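Here is the structure we will look at.
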Amino acid sequence: MSQILQVGLIGFGMAGQMFHAPFITNVPGFNLKTIRATNAGNIALARERYPQAEIVPDVQAIFNDPEIDLVVVASPNTSHYQLSREALLAGKHVLVDKPFTPTSAEADELIQLAKTQNKLITVYHNRRWDGDALTVKKIIQSKMLGNLVEYEVHFDRFRNFIKPGTWKEEDTEASGILYDLGAHLIDGAQVLFGLPEEITADLRTQRTGGKIIDNFEVILHYPGLKVTLKSGMLVKEPTPHYLLLGDHGSFIKYGLDVQEEALKAGLHPGNTPNWGVEPEANWGRINTEYNGLHIMGKVASQVGDYRGLYQNVYGAILGQEELDVTPEQARNTIRIIELAMQSHTEKRTVPYMDR
C-alpha cells in the first residue's frame with residue numbers, strides 16, 4: 001500500500017483553487033488535509049469542493065500539525081519567502097508556487113535551510129508539463145530543425161484595464177508579469193538551454209494608470225543561439241506561442257496549453273477524459289529537411305498533464321526519484337529576473353553572474 005502524505009495548502013485564491021487543489025486530490029499518495037483560507041467566498045468554495053479538508057484561518061494550524069508532511073504555499077508573492085521559511089523550520093517539506101521568492105538572496109537562504117532541515121523544497125513550475133513545451137523539447141532534442149539559431153516564445157494576455165482589488169496590480173515586491181509569466185518562460189529556456197551568457201531586457205508599463213510591468217522582452221544570449229521571451233497585457237490578436245528557427249527548418253505554433261482554460265471552467269483530471277489533449281487546430285507546423293527528407297505539416301502536440309509535477313514531488317519525498325524542479329533552477333530564474341531589471345535600468349546587455 002502506498003504511503004499517504006498529508007498536505008496543508010496555504011492560500012485558496014486562483015492558484016490554490018486552479019493549480020494546486022485539483023492536482024493534490026488527483027495524484028495518488030496525497031491527502032489534502034488542511035486548507036488555510038480567510039476570504040468568505042473562498043472558504044465556502046473550499047468546503048463545497050473539498051469537504052474532507054479542514055479549513056483554518058491561521059497558517060500556524062498547518063505548521064503546528066505533526067501529521068502534515070508537505071506544505072504548499074499558494075499565497076501572494078511577497079509572502080513566499082517567509083511562509084516557506086516557517087514551514088521548513090516546522091519540519092515540513094515545501095512546494096511553493098512560482099515565483100520562488102522576490103530575490104535570489106532569499107532563495108539561497110531557503111535552499112540552505114532546507115538542506116539543514118533535511119527537507120525538500122521545490123517550486124511549482126508546472127509549465128514544464130504543458131503539452132506544447134513537451135513537444136518543443138522533443139523537436140529540439142531530435143535536431144529536426146538542424147542547428148537551432150533562434151527560439152522565441154510569447155505568453156500574452158489581453159486586459160486593457162486595471163483589475164481592481166488584486167495584489168497583482170499593486171507596485172509591490174515581485175509584482176508584474178516579469179515575475180508572473182516571465183518566470184515560466186525563463187524556467188522553460190533554462191530547462192532547454194541552461195544558463196545564458198548575457199541578458200538584454202526591455203520592461204514597460206503600457207496600460208493607462210498601470211503600476212506594474214505589464215510588457216517585457218527579455219533576450220537571453222547563448223553561443224550561436226538567440227532566445228527571445230516576450231509577454232504583454234495588450235495583445236488582442238494572438239501572436240505565435242512558439243517560433244523555432246534552425247539551419248534546416250522552422251517550427252511555429254499558436255495557442256496555449258489547454259489545461260488552464262479547463263481548470264478555469266472547473267474541470268480537473270479526475271472528471272475530464274483526455275485531460276491535456278490539444279485539439280488538432282492548435283498543433284504546430286513544421287517545415288524542415290531531416291535525414292534527406294523534406295518534411296512539411298502539423299506536429300501533434302504531446303499530452304500535457306500538471307499531475308506530473310506532483311507525482312515527481314511525491315516520489316522525491318519518498319526518495320524514489322530525483323526532483324525535476326530543483327530549487328537551484330528556480331533560484332536561477334529569479335537571478336535572471338534581477339539581471340533583466342538591471343539590464344533595463346542601465347540600458348545595456350549585462351553578463352549572467354551571481355551576486
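Read-outs: derived from the displayed coordinates by stated rules, not from any lab. A quick note: this is a predicted structure, and the numbers were derived from the prediction, not measured. As a convention, Cβ positions derive from the backbone with ideal geometry for all residues, glycine included, and neighbour counts pool all protein chains shown.
If packing is taken as the average count of other Cβ atoms within 10 Å, what order do 260-267, 246-253 fall into, highest mean first?
Details: 260-267: 13.5, 246-253: 17.9.
Per-residue mean Cβ counts within 10 Å order the peptides as 246-253, 260-267.
Scattering from the C-alpha atoms of segment 36-191 alone, worked out with Debye: what is log10 I(q)/I(0) at q = 0.09, 0.14, 0.17 1/Å? One equal scatterer on each Cα of segment 36-191 leads to -0.40, -0.90, -1.16. Over all distinct Cα-Cα pairs of segment 178-262, the Kirkwood formula returns a hydrodynamic radius of 14.5 Å. Normalised by the number of residues in the chain, the mean separation of alpha-carbon contacts (under 8 Å, six or more apart) gives a relative contact order of 19 percent.
When averaged across all projection directions, what area in nm² does the alpha-carbon convex hull of segment 113-231 cover?
Working: hull surface 39.8 nm².
Average projection, Cα convex hull of segment 113-231: 10.0 nm².
Compute and list, largest first, the equivalent-ellipsoid semi-axes of segment 214-355 from the alpha carbon gyration tensor, each √(5λ) rounded to a whole angstrom. Numbers along the way, then the final one.
Working: eigenvalues 160, 132, 70 Å².
Rounded to whole Å, the semi-axes are 28, 26, 19.
Quick one, what does Rg over Rh come out to for segment 285-355 if you take C-alpha atoms and the Kirkwood Rh?
Working: Rg = 19.9 Å, Rh = 16.6 Å.
Ratio of gyration radius to Kirkwood radius: 1.19.
Per residue of the chain, the DSSP helices (runs of n ≥ 4 H) give a summed -39500 (n - 2.57) that works out to -9000 deg cm²/dmol at 222 nm. Between helix 131-142 and the chain there is an angle of about 50 degrees, using the helix long axis and the longest principal axis of the Cα atoms. Divided by 2.2 N^0.38 Å, where N counts the residues, the Cα radius of gyration of the chain comes to 1.00. Computing Rg and the Kirkwood Rh from the Cα coordinates of segment 5-124 gives a ratio, Rg/Rh, of 0.95.
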